[in-house]
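The values are calculated or read from the model by the stated rules, or taken from the named source; none is laboratory data. Since the structure is predicted, the reported quantities are computational estimates derived from the model, not experimental observations. Neighbour counts are summed over all protein chains in view; Cβ atoms, including those assigned to glycine, are modelled from backbone coordinates with ideal geometry.
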Amino acid sequence: MRFSQHSPTTMMDDPNSLEFNLEKLVIEVRDSLVSHPGAPSSNDLRHVFNTLYATSLLKEEGRAVRARVIIAPPDAFPPEDGPPDGTHVVRFTVGHALNSNEIKRLSPAASFFHSAIAAWPHPERGFQIWGILNTGPRWMNLVAGGRKPMGNDIPFPIIHVRDPGWLLFYQGYSLLTEWRGRGFHGPRLDVFQSRLLSDRFAHLRMALVQELSDDCLPGSLSLESYAELCHLISIQFLKRVINLVRTSGHGGSLLYLPEGETGLEVTNRWVDCKYSAAPDEAGSRFRSLLQSIIRRVGELALENATLDDAWMIFRNSRDPELDQLEESFFELARLFSDLMQVDGALVVDQRLSIIGFGGEIRVDLNVLQVDQSHDLDGKKVTSWNVQNDGTRHRSVYRLCSVEPEVIGFVISQDSHVRMIANFNDSVTFWTHTMI
């Protein structure tokens, strides 16, 4: 899909048109680079964006081309740097013209999750690919739930060629916009920051902390800070599970049911689990690991530490015990994601104890329309015709319609993620786009 450099005035003035939004993006990216000698012109950037869109429609050995392309000058990165905090630069002795076929050929060498193709305009030969940047995978921690910090920010535009007809434009680690199909979209909602997700689990977090407070929880943090730390770490765990499923290309569903006997009753009433888990101590592994992690963070924190202090300890500490706990946490997330590879839903209660997997939802009720929320608080909603969705989504809609306490996450094979819940007496979903 290509665009004329001289679109009709009526189209360029329409704020909903593709041409209008493309021009806005070109100006924003150009202005972010203008201070660098030899910075690309608007025409240069239009050419690059069109080229990358065309690249997204190609295939490399039967697979869609995926690549990250950074627009930066060759002298912007020190040669002695490297992951995990910096970037390792491989500079070519001769530049290569930036075109779709060249990006396709380089994409296996510049793995999407670990490296980026670097390009910058040459005064005589146009945009050239001058090398590959090995960034390491920590940049994914923003959405994938990793404990370690992302490393140094990269103050240049990075375009993700994500899937056919789908580009994501970043300024460093900040998402600017998405070009998907025939439209541009602003940054997606981060559903993990929704108030609903926080409120539904608030009483469980406080109960978990109070259970430890009497005898083995250090007094370096307040109970409220410990509870919020539980929330932040739990969100990291959920991000990991969903990202692992998302990158598998398989898709899956995760159902949060009420804890204890209530969750088992809901399961027996509405969900047939092909594989049911015994309700023993092993099912409480998430809870016990989470308690061990917050206790260790409390031991490492100074007296009167704040929540921010505790979070930085969790993210940055190289404490061997915390590292081992984090590895155990990651393996549990991997187990959850593996269970979601089986046809049917993974069913857990709100304490993340496994009830079963391979779950088939058998609610005999038609839900023809749901709400789509366009903000985290569910105040801006529009009606959505469920006929646009597949079996996974529709079955979770039906379950949420009869069980208001259920929260479902559905990951499509095309890697789109939705959170679904009964909100204000209406089945509502929030769309979350990850990388």
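Within segment 180-227, being modelled with pLDDT under 80 and touching a His at 6+ places or on another chain (Cβ under 8 Å) holds for Arg188, Leu189. Within segment 62-107, the set of residues being among the basic types (Lys, Arg) and outside any helix (DSSP H, G or I) comprises Arg63, Arg66, Arg68, Arg91. The residues listed here are Val48, Val29, Val34; of these, the one that is exposed (fewer than 15 other Cβ atoms within 10 Å of the Cβ), among the hydrophobic types (A, V, I, L, M, F, W, C) and closer than 19 Å to Tyr170 by Cβ is Val34.
How about segment 377-435: which of its residues are small (Gly, Ala, Ser) and touching a residue at least 24 places away in the same chain (Cβ under 8 Å)? Hits for segment 377-435 are Gly378, Ser395, Ser401, Gly408, Ser412, Ser415, Ala421, Ser426. For segment 171-182, the criterion of being of a type in the set (D, E, K, R), within 27 Å of Val410 (Cβ to Cβ) and assigned to a loop (DSSP other than H, G, I, E, B) is met by at least one residue. Tallying residues that are hydroxyl-bearing (Ser, Thr, Tyr) and buried (at least 17 other Cβ atoms within 10 Å of the Cβ) within segment 156-210 yields 3. Give all pairs with beta carbons closer than 9 Å in which a residue from segment 259-278 that is touching a residue at least 60 places away in the same chain (Cβ under 8 Å) meets a residue that is in a helix (DSSP H, G or I) and small (Gly, Ala, Ser); count only pairs at least 6 apart in sequence or on separate chains. So the pair list comes out as Ala277/Gly283. Of Ser253, Ser234, Ser225, Ser194, all but one fail to be among the polar types (S, T, N, Q) and either closer than 17 Å to Ser288 by Cβ or in contact with a Phe, Trp or Tyr (Cβ under 6 Å, 6 or more places away or on another chain) (or both); the exception is Ser234. Set side by side, the residues Ala54, Ala119 differ, and just one is surrounded by 15 or more Cβ atoms within 10 Å (Cβ to Cβ), under 18 Å from Gly172 (Cβ atoms), of a type in the set (A, V, I, L, M) and modelled with pLDDT of 90 or more, which is Ala119.
Residues that are within 28 Å of the chain's Cα centre (by Cα) and farther than 20 Å from Ile154 by Cα within segment 74-101 comprise just one, Ser100. Scanning segment 393-423 for residues that are assigned to a loop (DSSP other than H, G, I, E, B) and within 19 Å of the chain's Cα centre (by Cα), we see that the one that is nearest to Leu365 (Cα to Cα) is Ser412. Do any residues in segment 95-109 that are assigned by TED's automatic domain parsing to the domain that holds Glu61 have Cβ atoms under 7 Å from those of residues that are of a type in the set (Ser, Thr, Tyr), where the two are at least six apart or on different chains, and which pairs are they? Every condition considered, the pairs that remain are Leu98/Thr51; Asn99/Thr51; Ser100/Thr51; Ser100/Thr55; Ile103/Thr55; Lys104/Thr55.
Only one of the numbered conditions (1) at pLDDT below 95; (2) of a type outside the set (Asp, Glu); (3) within 13 Å of Gly283 (Cα to Cα); (4) crowded, with 22+ Cβ neighbours inside 10 Å is violated by Gly344, and that is (3).
In this structure, Glu321 does not satisfy being surrounded by fewer than 19 Cβ atoms within 10 Å (Cβ to Cβ), more than 23 Å from Gln236 (Cβ to Cβ), out of contact with any strand residue (DSSP E or B) (no Cβ under 7 Å at 6 or more places or on another chain) and acidic (Asp, Glu). Candidates are the residues of segment 288-313 that are part of a helix (DSSP H, G or I), touching a Pro at 6+ places or on another chain (Cβ under 8 Å) and of a type outside the set (Lys, Arg); the one that is surrounded by the fewest Cβ atoms within 10 Å (Cβ to Cβ) is Glu299. Could you say whether any residue in segment 348-357 is crowded, with 20+ Cβ neighbours inside 10 Å, among the hydroxyl-bearing types (Ser, Thr, Tyr) and in contact with a helix residue (DSSP H, G or I) (Cβ under 7 Å, 6 or more places away or on another chain)? Yes; the residues of segment 348-357 include at least one that is crowded, with 20+ Cβ neighbours inside 10 Å, among the hydroxyl-bearing types (Ser, Thr, Tyr) and in contact with a helix residue (DSSP H, G or I) (Cβ under 7 Å, 6 or more places away or on another chain).
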